[in-house]
């Protein structure tokens, strides 16, 4: 029977705590999880819940679906805690679990990008825009162009430019080669710069 987050939260209240003086690394969290430490799962939830929900929401276009899938991903993280590599990337692992759930349920749809965060990551030379209407028009144009990207290319863009995963982590999440990640990201950025060049000027 699959563990629920409610059961985990109840267990946390009765678990001996290991009060960290700093944010624990992924390797440390995985090591604690492998030792059946529910407090480590609580720490993982605090560290990556928002990231996983946001990532899934962008590939399913449904916040409710994203929260449901994120909960299932963290439950699987706990239920299979003895099987995870202790030296891996926890955030990549969680994204991969969540992605598998989303794909298996055929809920992947267009992503709804936040243009401001994306522009920062793209390092696009955007001139200051004070007019609210122009800003909204630019944001709408970016959202439209991102939604037109091929599905895999769009997902790579989200993982890299919104969630700052490394090429290695993205390759692990999507089960593709790192060079494929680099090639697809380059094409995505090139497409956005070409399609939005005039507006950015």
Exercise. Would you say residue 151 is outside the structural domain of residue 93 (by TED's automatic domain parsing) and either in contact with a strand residue (DSSP E or B) (Cβ under 9 Å, 6 or more places away or on another chain) or under 17 Å from residue 51 (Cβ atoms) (or both)?
Worked result: no
Exercise. Considering 148, 159, which residue is in contact with a helix residue (DSSP H, G or I) (Cβ under 9 Å, 6 or more places away or on another chain), within 21 Å of residue 47 (Cβ to Cβ) and either surrounded by fewer than 14 Cβ atoms within 10 Å (Cβ to Cβ) or modelled with pLDDT of 80 or more (or both)?
Worked result: 159
Problem set entry | residue 159 being assigned to a loop (DSSP other than H, G, I, E, B) and not assigned by TED's automatic domain parsing to the domain that holds residue 89 | no
For this session: Sort through 33, 51, 24, 45 and tell me the only one that's farther than 30 Å from residue 151 by Cα, modelled with pLDDT of 85 or more, surrounded by 17 or more Cβ atoms within 10 Å (Cβ to Cβ) and not assigned by TED's automatic domain parsing to the domain that holds residue 174.
Result: 33
Seminar exercise, completed: If you go through 124, 117, the only one that is modelled with pLDDT under 50, surrounded by 13 or more Cβ atoms within 10 Å (Cβ to Cβ) and over 17 Å from the mean Cα position of the chain (by Cα) is 124
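The values are calculated or read from the model by the stated rules, or taken from the named source; none is laboratory data. For clarity, every value in this text was computed on a predicted model and none was experimentally measured. Glycine also receives a Cβ, built like all others from the backbone with ideal geometry; neighbour counts cover every protein chain displayed.
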